[in-house]
Amino acid sequence: MSFAISIAVSGLASYAAGRAWGSEEWWRSTAPARAIGAGAILAVVSIAIVAVLPSTWHRAAFATLLLGIAAEYTGFALIDRRPGRIVLEAASAAGTIAAAIAGLLGSPAWLAGGFIAHVGWDLMHHKGIIDTHAVPGWYASACMAYDLPVGIAALILS
């Protein structure tokens, strides 16, 4: 759980740094090329780290990554500060947490499903269907590139 908290804190710190140092155009940009590349690289690194762990730890590692994803979007909603967004992101986080727990205690298909379902959540942010203002424009593209391969790896390696 402390790993999930550290992921959330690092996500919020990255957001704050980007807001302070980046231009508004770059930060809100929805141009996906760099974001997809960064998400794919992070996916490869995450999968490689899990792969070198003892196989008995794989499920817990993927569940922890899924918990971190839930924490980050909740953090963005808290930055946004609109009650409706906090409730919406918290409800999504609850579903993601449930998938992580079910994947840890039951079938790894729940882990894969949690990551892959999160692609849909990212897509709704990317298309502006969900307008949590604190989510950077590039973030959903990076997450989509991350979630799909990590979800498939969770199914294969767990």
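The values are calculated or read from the model by the stated rules, or taken from the named source; none is laboratory data. The structure presented is a predicted model; accordingly, all values stated were derived computationally and were not measured. Glycine also receives a Cβ, built like all others from the backbone with ideal geometry; neighbour counts cover every protein chain displayed.
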Requested in this report: Could you list all residues from the range 88-125 that are under 15 Å from L65 (Cβ atoms) and hydroxyl-bearing (S, T, Y)?
Outcome: T96
Requested in this report: Looking at (1) surrounded by fewer than 23 Cβ atoms within 10 Å (Cβ to Cβ); (2) over 19 Å from A40 (Cβ atoms); (3) touching a Gly at 6+ places or on another chain (Cβ under 7 Å); (4) among the aliphatic types (A, V, I, L, M), find the lone condition where A100 falls short.
Outcome: (1)
Report task. Can you give me the ranges of the helices (runs of 4 or more DSSP H) entirely in the range 1-100 with at least 2 residues that are under 17 Å from the mean Cα position of the chain (by Cα) and at pLDDT below 90? Result -> 2-21, 33-52, 58-80
Query raised in the report: Which members of the range 60-88 meet the condition of being closer than 20 Å to G151 by Cα and out of contact with any Asp or Glu (no Cβ under 8 Å at 6 or more places or on another chain)?
Result: A60, A61, F62, A63, T64, L65, L66, L67, G68, A70, A71, E72
Query raised in the report: So A112 clears everything in (1) at pLDDT 90 or above; (2) within 18 Å of C143 (Cα to Cα); (3) of a type in the set (G, A, S); (4) surrounded by fewer than 19 Cβ atoms within 10 Å (Cβ to Cβ) except one condition, right? Which one?
Result: (4)
Query raised in the report: Would a scan of the range 86-106 turn up a residue that is more than 25 Å from P32 (Cβ to Cβ) and in contact (Cβ under 8 Å) with a residue 40 or more places away in the chain?
Result: yes
Query - So G128, is it outside any helix (DSSP H, G or I), at pLDDT below 85 and within 21 Å of A35 (Cα to Cα) - result: yes
